[in-house]
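Report on the following structure.
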């Protein structure tokens, strides 16, 4: 079965979504990711969606859910590399992903995670 | 059976000559159209009309037989709309055919008042419809011109300016409607990606009024930018607008707002980790400029 790989980098987890997400794949990712966060006691999750071209309301909600779950498990989540078209679609769908931190690219996302780690948990945009 | 098709076939040249004579004395705009082009249009129109009525169809100009003449009229009125004719002048091109045609009709049906009446009515109806069709296409093509200009204006009015490394500014001028918000959003997000910016300042000094709809459009734009990882600051909020926003009960949530672009720029610099110092001697021209902030 198709799976989205979850890579570990120190105390952070790296998820790069490079295929079009379908609903089952999203659910599998949610399972795998929460299990992995607990297994390695990760402190941060970075989800790269720069190759994601199409989102629907379900995938949008999944992203928000994953972020909420990670937060409960004490890991900050940053979504990076969202395409303009995807951002517009999500806004039009009424999904503003409140509570999910975002960054323009991987590098800025990592900075964010490190900053969050340094200052403890809490919303720091930069 | 109407006599119009036969009459038109036999007297096409006479009617054309009369028609051109009438239009030359009345409605022709010699400053907008050459005589030759105008005569060509008239003769072509009459020829197509002649061919169309041979089908026996005299009332329904949407019939297949009238396809060619409809296309021709559409072309004529579109080109006239561009050339600057008034709607009356364009419609008169068709309506002025009534008189020369009617006099031919009277000549050929002399003495029979009933027949003459019914034929005249048919003719009037047909020409009215063609005339109205012309007027309608004329207006439609004018509207197309307006829509195109609107689109051009839309693109012109949304510049995204890079203020500093990682800071974009979007000075909005004019009312924000849904279509414009879409363009604004797309251009802003595209520039955010291109420049790798982390802060975008939306300046609404030039937006005349902010109602609930405009506020919602602003919030949408800010949210979309946030999803991409860029934070937005809204600046240029005039006192009246601040009052309106509160009176309307619009919640701007956690969006940072500033009264002036200068204030917003300072906040943006702070967030990107840049600081500006007011020095005694201006070290570099760019800082001297900013020291007034």
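Read-outs throughout are calculated quantities, based only on the coordinates presented, and are distinct from any laboratory measurement. Remember, predicted model here, so these are calculated numbers, not experimental data. Heads up, the Cβs are rebuilt from the backbone with ideal geometry, glycines too, and the neighbour counts pull from every protein chain shown.
According to the Kirkwood relation over distinct C-alpha pairs, the hydrodynamic radius of the protein assembly as shown is 27.2 Å.
With bins 10 Å wide beginning at 0, the percent of Cα pairs of the range B:161-290 falling in each bin runs 12, 43, 31, 11, 2.
Counted residue by residue at 0.36 nm each, then reduced by the alpha carbon distance between them, the extension gain from residue B:177 to residue B:262 reaches 28.0 nm. Every Cα-Cα pair of chain B was included, and the share exceeding 30 Å stands at 56 percent. Mind checking the log10 I(q)/I(0) for the range B:201-272 at q = 0.26 Å⁻¹? Debye, one equal scatterer per Cα, no solvent, two decimals. Values returned for q = 0.26 Å⁻¹ are -1.31.
For the range A:6-119, the fraction of C-alpha pairs more than 16 angstrom apart is 55%. The range B:133-157 and the range B:186-243 have Cα centres lying 29 Å from one another.
Over chain B, DSSP H runs of length four or greater, each weighted -39,500 (n - 2.57), average out per residue to a 222 nm ellipticity of -21000 deg cm²/dmol.
Taking the square roots of 5 times each eigenvalue of the Cα gyration tensor of the range B:4-153, largest first, gives ellipsoid semi-axes of 29, 17, 13 Å. Each residue in B:106, B:129 was given a count of other beta-carbon atoms within 10 angstrom of its own, and listing them fewest first yields B:106, B:129.
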